[in-house]
Amino acid sequence: MHFHILTLFPEMVMHGLSESVIGRALERGILSVSAVDIRDFTLDKHRKTDDYPYGGGAGMVMQAQPVYDAWKSVADRIGRGKSGARVRTVYLTPQGRLFSQELAKELAKEQDLILLCGHYEGVDERVLEEIVTDYVSIGDYVLTGGELPAMVLTDAVGRLVPGVLNNQMSAETETFHGYLLEYPQYSRPAEWNGRKVPAVLLSGDRKKVREWRLGQSVERTGARRPDLYRQYQRLEACLGVLRREKLHHTDMTELIARGQAELICADGADICLYDKNSGAYFHTAESVPKGLAALAALCEHAGGRCVQEILLALHQDFMAEEARRQYEAEVLMECRQAVYTGNVKLPVSGLIRSGEGAEEGLPAIRPLGPEHLSCVAEHYDSVDREYLDDQIRREQMWGAFDGEELLGVAGIHKEGSIGMLTVFPEHRGKRLGKALETFVVNGILECGFTPYCQIEEGNEISMRLQKSLGLYFSGEKLYWMKLRLHR
Ligand code: 6GU
């Protein structure tokens with residue numbers, strides 16, 4: 001990913017980002033940062049970039065021309081207009097939208113990002129209208145310029161780019177539920193200044209350690225961030241309700257466990273969640289009136305996000321029927337959830353090549369790269385190319401290989417279910433599907449989550465595969481629906 005930072009203080013930015021994790025990613029070529037000196041683009045003989053504000057008032061205003069020309073030099077170079085879309089251009093300003101982990105995740109998908117650092121009392125409004133796609137602030141306080149905010153944003157976005165951190169999972173799941181603060185950490189010595197490390201951490205009992213850490217996270221969040229704590233408690237209450245029908249609600253409980261869930265509404269056993277990752281809504285209903293109230297609430301939420309088409313997973317037949325009747329919603333897929341309820345990994349011997357040597361004929365399984373996109377896209381008609389590209393770049397797709405030849409693929413959908421399992425026609429009947437799913441199931445278990453998938457009604461081959469791997473099917477159906485907002 002490439003960051004282009006338009007600034008009057010290029011050295012400040014380059015120095016600030018050349019160390020530690022981001023510095024290493026720059027050296028390894030995973031990220032690049034170029035600071036573009038706006039002053040190089042002034043046409044003024046004194047290299048002046050600011051002037052007095054029209055209408056009077058204190059301070060100086062950065063002029064439009066040098067800012068625009070600096071921006072244009074970058075935009076032309078990275079080939080704006082090739083795709084027709086505007087290059088994402090962020091203006092760092094206290095008047096912007098508050099920067100968040102969510103926005104960091106969204107920006108991390110871009111190939112190029114232009115960051116404009118303001119100074120003095122502001123930048124001429126006309127150039128902002130011309131080039132800026134996002135106005136972003138890093139908090140409710142005033143700094144002297146946009147350089148520190150640009151560095152903050154570059155750090156937060158950069159660390160989410162695959163390969164920048166050693167362990168990609170830790171980039172996305174370091175806060176439990178997405179609403180709890182981290183637990184306290186200790187290192188050697190076991191006693192310092194008369195203070196001992198909590199005994200449980202020295203016990204070697206992993207389960208006890210996990211429980212203790214969770215307890216600490218909960219306590220700490222309650223004490224330091226009551227706002228987050230309330231959200232956490234509400235989601236915990238939902239988990240309690242959803243677990244009464246565990247298999248049927250695994251999609252929803254996993255959204256919460258993986259920290260992707262935003263609670264839209266909860267009223268007894270009627271719960272609606274929004275998945276911050278996929279943008280889809282998940283709803284389980286107790287009765288028609290409550291269910292309809294939840295549908296209205298989610299439509300309002302979607303309206304606020306300015307989307308016209310809503311993707312929705314409904315968990316009851318009667319709600320699928322109501323959504324069809326009252327909202328003209330269309331059923332995309334009728335399926336059943338299959339869940340791996342154990343916590344021991346599936347055996348891989350005889351299925352997957354694990355090292356060198358004596359495993360003749362077994363596939364090696366590894367993450368797909370951008371070079372596989374075209375080949376993979378050819379084999380799907382139900383998933384679009386952009387989605388596949390996204391999932392490959394997030395390292396959520398794997399391939400079974402014989403040397404360099406790709407034989408089949410599997411992945412994890414944005415909301416968390418295992419899917420997109422395909423073995424290419426000429427390689428079927430060699431247990432590659434089983435090998436691929438086994439690999440993905442084990443990877444999800446390693447992250448401490450529950451593997452599950454959604455099998456379309458009538459797909460007997462997949463049903464048999466799930467049963468042979470030991471997954472359990474929910475007795476009730478789930479309906480993926482598309483609903484259009486036109487009010
Ligand atoms: Cl983005 N810029 C400035 N100048 N001050 C800020 C800020 C940005 N975010 C918080 N304070």
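The values are calculated or read from the model by the stated rules, or taken from the named source; none is laboratory data. Predicted model only: the values in this text are computed from it and were never measured. Counting neighbours? That spans all protein chains shown, and the Cβs are built from the backbone with ideal geometry, glycine included.
Points to keep in mind about this one:
- Within the stretch 127-166, the set of residues being crowded, with 20+ Cβ neighbours inside 10 Å and among the hydroxyl-bearing types (Ser, Thr, Tyr) comprises just one member, Thr154.
- Residue list for the stretch 351-409, restricted to those being more than 21 Å from the chain's Cα centre (by Cα), assigned to a loop (DSSP other than H, G, I, E, B) and β-branched (Val, Ile, Thr): Ile352
- Qualifying residue in the stretch 12-31 (condition: at pLDDT 95 or above, of a type in the set (S, T, N, Q), surrounded by 11 or more Cβ atoms within 10 Å (Cβ to Cβ) and within 14 Å of Thr154 (Cα to Cα)): yes
- The set of residues from the stretch 15-36 being more than 23 Å from the chain's Cα centre (by Cα), of a type outside the set (Lys, Arg) and not in a helix (DSSP H, G or I) comprises Ser18, Glu19, Ser34, Ala35, Val36.
- Hey, Phe41 more than 23 Å from Arg126 (Cα to Cα), of a type in the set (Phe, Trp, Tyr) and at pLDDT 95 or above or not: no
- Val288 being under 29 Å from the mean Cα position of the chain (by Cα) and β-branched (Val, Ile, Thr): no
- Considering the stretch 75-164, the qualifying helices (runs of 4 or more DSSP H), each wholly inside and each with 1 or more residues that are within 22 Å of Glu19 (Cα to Cα) and within 13 Å of the ligand (Cβ to nearest atom), run over 147-158.
- Per the listing Arg234, Arg188, the residue uniquely part of a helix (DSSP H, G or I) and either more than 19 Å from Gln101 (Cα to Cα) or of a type outside the set (Lys, Arg) (or both) is Arg234.
- The stretch 91-117 residues that are under 22 Å from Arg305 (Cβ atoms), paired with ones that are among the charged types (D, E, K, R) and within 8 Å of the ligand (Cβ to nearest atom) (beta carbon under 9 Å, 6 or more apart): Leu98/Asp140
- Residue check for Gly475: surrounded by fewer than 18 Cβ atoms within 10 Å (Cβ to Cβ) and assigned to a loop (DSSP other than H, G, I, E, B): no
- Search result, residues across the stretch 237-260 that are buried (at least 17 other Cβ atoms within 10 Å of the Cβ), modelled with pLDDT of 95 or more and outside any helix (DSSP H, G or I): Leu247, His248, His249
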